[in-house]
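Shown next, in structure tokens, is the structure this report addresses.
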Amino acid sequence: MADAALVELAKRRGFFFGSNGAYGGTAGFYTFGPQGAALKRNVESAWRDRFTLQEGNREIESPTVMPEPVFEASGHLETFDDMLVECGECGDSHRADHLVEDATDVEDAEALPAEEVETLIRDHEIACPACGSPLAGRDVEDFNLMFATDIGPGDGQRGYLRPETAQGIFVEFPRLKEYARGNLPFGITQIGPAYRNEIAPRGGLLRLREFTQAELEQFIDPETDDPPLERVTDVEVRLYPAAEQTKPDGDYRHTTVGEAVADGTIGSPWVGYYLGVAMEWYERIGVDLNRFRFRQHLAGERAHYAADCWDAESEVDGDWIEIAGFAYRGDYDLSKHDAYGDDTFTVFKRYDEPKTVERATVDPDMSVLGPAFGGDAAAVADALETLAERDPEAFAAETVAVEVDGETHEVDADVAGFAVEEVTETGEHITPHVVEPSFGVGRTVQTLLAHAYETDEVDDEERTYLSLAPEVAPRDAAVFPLVTSDERLTALADRVAADLRAAGLAVSYDDSGSIGRRYRRQDEVGTPFCVTVDRDGIETDGAETVTVRERDSAAQVRLPVDELAGELTRLLSGESFEALTDRYETVETDVETN
RNA sequence: GCACCGUUGGUCCAGUGGUAGGACAUUAGCUUCCCAAGCUAAUAGCCCGGGUUCAAUUCCCGGACGGUGCACCA
């Protein structure tokens, strides 16, 4: 999956490596080294800037451990906790609990331990539904993709590590809506780790058991809230709709967000809006747009909560990998937590004008119904109430008839206490819908590295460099004294590095080895600018100067030390190096990059 | 989880039934005024457990980890 040369560089230079090597290693867990952690942090900062700050959203931080009932509500317990048995003959996997339930009178096989299910399979001679081979003796695998843990000592509460950061937002919705003062739409973001006990972690950072998500939960009123689509309407996107994927000669659609929403290719304007925002963001952090697309989920591929879903995918070593998902989750999550949890997961939506409605009500005289119907009295009262809402006219007669358990009961109309009341309603409680852009941070980092990895020749020597966007590069700049034999150079280089650090830049200092070697070290970790202190810079009549070298072109300009921090800051926030060469003296070098 | 292949300094590799060698990198010194230069020296390794053997890094078994394929992937 991951290019061998890149993996080697990542290990050697401190981007990422498999964790716990001293103890044999642990599959599915990676440690980010100094460079990788900085890169990842910068990606997270760029995401926070775009999806939290620029959108006016709010970020929270919730626990990674959550109690079991949360996941009963979210549906994760049911969809994660599958018992699978694999057929030894044809290799098909089947839900062991379903097989047992079908073949026996056991009703809730999922609740049984795997050993008992294995026993049941053997005792009832259950065969593979696909090929008919006996399944006796095959292991029943508990496919619980959530990490379980115990909260508290002894028989404390069972808990799970969250499989997505989203649940931490959903369960706190009753309070979060207060912070939004009850007004839709509003968005809550969270960046943090999520856990899935993957069966087979693979491909470096691509499928991990602990990974970092950056998620936005956008809460909207589906009837009235529209996204600010005009901001991204002209953003060009490469779409791979579901319909094209199923065609033998299916192709991409090159279009704009505005058009794709208008013609229905993208079903939800909100999803379309975030595809546009994401597109611009990916370009900003340095994803190669020729190796990027939005792919719509096929119907059978969608998560249990998703009504429509698009993935952002990047091409890494010839494979398309999912780096973000954009799901329209509807009211699935909030209505489930409303049903399972103690709090209310709705917001009160005020009408433009209060409505006065006539409502038919009943107030049955239970002292009459009780003796008359005995144990059925309460059910009769309920039936009367239902009837009043459905067919108020029925109460105009002398008696009304209601049906309870297939039996018809006659009730005197005046006993029912029927009345029509005028009620003023100022609004209603609605369950917001959720639009969820969900980003995999590690996969984004992997994509940036793969897309930034370049080789060329400098002075006929091959070099490897990472053409990372300055905003996300692990280091902002490196500072070198050209040689260490002159104390004036090392002293000034020390001072320059300290000044840049004081100005908030992440700076490496390196005085070891030849200047060329030091440039290459920085090239390999993607440092965009190298500052070199040379003798020409201090043996001047005027202000001290240093040279600044741009990574990809190896071009240099000479500029005054006093201007350095300001100019570098401008370069890091997006100004082109060419702008610098216009204003300052370029340094003639005979270095050529090819 | 299954199958096949692999695991030797930081990295990439060679090699051996008697505990190992190279390249690159790193560190120190010399040299060095702009792109992996040179010289000298140093640091540093046989994935883990069990078995066979006088002796295992080497052979056998198991495990862990990695790669590839299958399966899985809300």
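The values are calculated or read from the model by the stated rules, or taken from the named source; none is laboratory data. As the structure is a prediction and not an experimental result, all values here were calculated from the model. Here Cβ is always computed from backbone atoms with ideal geometry, including for glycine, and neighbour counts include all displayed protein chains. Note: accessible area is taken over every heavy atom of the protein model, side chains too, but ligands, DNA and RNA are not part of it. Shrake-Rupley method; radii C 1.70, N 1.55, O 1.52, S 1.80 Å.
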* Nonlocal amide H pairs with A:His297, under 5 Å, H built at 1.01 Å -> A:Cys309, A:Trp310, A:Asp311
* Given a Förster radius of 45 Å and the C-beta distance between A:Thr455 and A:Glu115 as r, what FRET efficiency does 1/(1 + (r/R0)^6) yield to the nearest 0.05? -> 0.25
* Structure fact -> In deg cm²/dmol, rounded to the nearest 500, the helical mean residue ellipticity at 222 nm of chain A, built from -39500 (n - 2.57) for every DSSP H run of length 4 or more, is -9000 deg cm²/dmol
* For the range A:163-180, what does the Karplus curve 6.51 cos²θ - 1.76 cosθ + 1.60, with θ = phi - 60°, yield as ³J(HN,Hα) per residue in whole Hz, taken in order and with x for Gly and Pro? -> x, 7, 5, 4, 4, x, 7, 4, 5, 9, 3, x, 7, 4, 5, 5, 5, 8
* Asked: What distance in nm separates the simple spin-label points at A:Leu289 and A:Ser514, each placed 7 Å from Cα in the Cβ direction?
  -> 4.1 nm
* Asked: In terms of modelled amide H atoms, which long-range or inter-chain residues lie less than 5 Å from the amide H of A:Ser508?
  -> A:Ala477, A:Ala478, A:Val479
* Round to the nearest 10 and give me the degree value, 0 to 90, for the angle of helix A:487-502's Cα axis relative to the longest principal axis of chain A. => 20 degrees
* Once both labels are modelled 7 Å past Cα along the beta-carbon direction, what's the A:Glu244-A:Glu487 spacing in nm? -> 6.7 nm
* To do: Could you tell me how many degrees, from 0 to 90 and to the nearest 10, lie between the Cα long axis of helix A:114-123 and the main elongation axis, the longest principal axis, of the Cα atoms of chain A?
  => 60 degrees
* Whole-number percent relative contact order across chain A, with pairs defined as alpha carbons under 8 Å at least 6 apart -> 12 percent
* Asked: Under a 5 Å amide H to amide H cut-off, with H placed in plane at 1.01 Å, what residues pair with A:Arg158 once short-range neighbours are removed?
  -> A:Glu68, A:Ile151
* Structure fact -> Output row, site A:Ala543, 7 Å Cα→C-beta label point, backbone N cut-off 19 Å, window the range A:560-577, residues A:560-572
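What is the local net charge at A:Gly374, summed over the other residues whose Cβ is closer than 13 Å to its Cβ (Lys, Arg +1; Asp, Glu -1)?
Spelling it out: positives minus negatives among the neighbours equals -3.
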* Answer rounded, prolate or oblate for the range A:435-536, using the Cα gyration tensor with square roots of eigenvalues a ≥ b ≥ c: rounded when a/c is under 1.5, else prolate when a/b is larger than b/c, else oblate. => oblate
* Asked: What is the extension gain from A:Ala5 to A:Asp155, computed as 0.36 nm multiplied by their sequence separation minus the C-alpha to C-alpha distance, in nm to one decimal?
  -> 49.0 nm
* Cα gyration tensor, the range A:475-587 - rounded (a/c under 1.5), prolate or oblate -> rounded
* Structure fact -> Once both label points are put 7 Å beyond Cα along the C-beta direction, the A:Leu298-A:Glu575 separation in nm becomes 5.2 nm
* Full extension from A:Arg41 to A:Glu68: what is 0.36 nm times the residue separation minus their Cα-Cα distance, to one decimal in nm? -> 6.6 nm
* Charge tally in the Cβ shell below 11 Å around A:Gly28, where Lys, Arg are +1 and Asp, Glu are -1, A:Gly28 excluded -> +2
* Based on the Kirkwood radius over alpha-carbon pairs, what value in µm²/s does the Stokes-Einstein equation return for the translational diffusion coefficient of chain A at 20 °C and 1.002 mPa s? -> 73 µm²/s
* **chain A: antiparallel DSSP beta bridges as a percent of all, rounded to 5** => 90 percent
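Rounding to the nearest 20 debye, state how big the charge dipole of chain A is about its Cα centre with +1 on each Lys and Arg Cβ and -1 on each Asp and Glu Cβ. Write down the numbers at each step before the final one.
On the way: 52 positive and 124 negative charges, 645 e Å.
Dipole size: approximately 3100 debye.
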* Structure fact -> In the neighbourhood of A:Asp405 defined by beta carbon distances under 15 Å, the net charge of the other residues (Lys, Arg +1; Asp, Glu -1) is -4
* To do: Quote the FRET efficiency, to the nearest 0.05, computed for A:Asp251 versus A:Glu198 with a Förster distance R0 of 30 Å and r equal to the Cβ-Cβ distance.
  => 0.35
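Given a Förster distance of 45 Å, report the FRET efficiency between A:Ala413 and A:Glu172 from their Cβ-Cβ distance, rounded to the nearest 0.05.
In this case the efficiency is close to 0.35.
Just the number, please: carbon plus sulfur as a percent of the accessible area of chain A, 1.4 Å probe, no ligands or DNA/RNA counted. Can you show the working numbers first?
Values: 12360 of 28530 Å².
Carbon and sulfur together cover 43 percent of it.
For A:Arg12 and A:His98, calculate 0.36 nm times their separation in residues minus their Cα-Cα distance, and state this gained length in nm to one decimal.
On the way: separation 86, 0.36 × 86 = 30.96 nm, distance 4.89 nm.
Value of the extension gain: 26.1 nm.
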